[in-house]
Amino acid sequence: QVQLVESGGGLVQAGGSLRLSCAASIGIFTFDAMAWYRQAPGKQRELVAVISSGGSTNYADSVKGRFTISRDNAKNTVFLQMNSLKPEDTAVYYCNGKRTQVADSSRLSYWGQGTQVTVSS
């Protein structure tokens, strides 16, 4: 079974930084893309950042210039460095990995359990 485990969440003051980690039970190079999502209370889950198997990245406009997604293939871990945090960044952050199953070309998606990030004013 593929497992993704997030860690690194916590409480931080506005302007501070946190680094989230997502450890995968399989090589992250086997994923077409890995991403971070977040969901704040009462809001829909939103895409925060994506890194493709080739290393290209994309970010939500709200976090551009502040967040950086990266990976360490040797450790099967993807990171989300969050700087200049704002109260509106408060949410549960989820790691996501997507893989294409060759047998039927289906798109498989895996999720971590989530880690809470709280940014105080």
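The values are calculated or read from the model by the stated rules, or taken from the named source; none is laboratory data. Note that this is a predicted model, so its numbers are computed, not measured. Cβ sites come from the backbone with ideal geometry, for glycine too, and all protein chains shown count toward neighbours. Surface areas here come from the heavy atoms of the whole protein model, side chains and all, with no ligands, DNA or RNA. Shrake-Rupley method; radii C 1.70, N 1.55, O 1.52, S 1.80 Å.
Table for the structure above
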read-out: Any hit, region 34-42, residues being open to solvent by less than 60 Å² (accessible area, probe 1.4 Å), touching a residue at least 40 places away in the same chain (Cβ under 8 Å) and more than 12 Å from the chain's Cα centre (by Cα); value: yes
read-out: Residue count, region 52-65 (criterion: modelled with pLDDT of 95 or more, surrounded by 15 or more Cβ atoms within 10 Å (Cβ to Cβ) and assigned to a loop (DSSP other than H, G, I, E, B)); value: 2
read-out: Ala91, sole failed condition from (1) open to solvent by 60 Å² or more (accessible area, probe 1.4 Å); (2) small (Gly, Ala, Ser); (3) within 25 Å of Ser120 (Cα to Cα); value: (1)
read-out: Residue among Thr68, Thr77 that alone is in contact (Cβ under 8 Å) with a residue 12 or more places away in the chain, in contact with a strand residue (DSSP E or B) (Cβ under 8 Å, 6 or more places away or on another chain), surrounded by 16 or more Cβ atoms within 10 Å (Cβ to Cβ) and over 26 Å from Ser120 (Cβ atoms); value: Thr77
read-out: Odd one out for Thr118, checked against (1) under 23 Å from Val2 (Cα atoms); (2) at pLDDT 95 or above; value: (1)
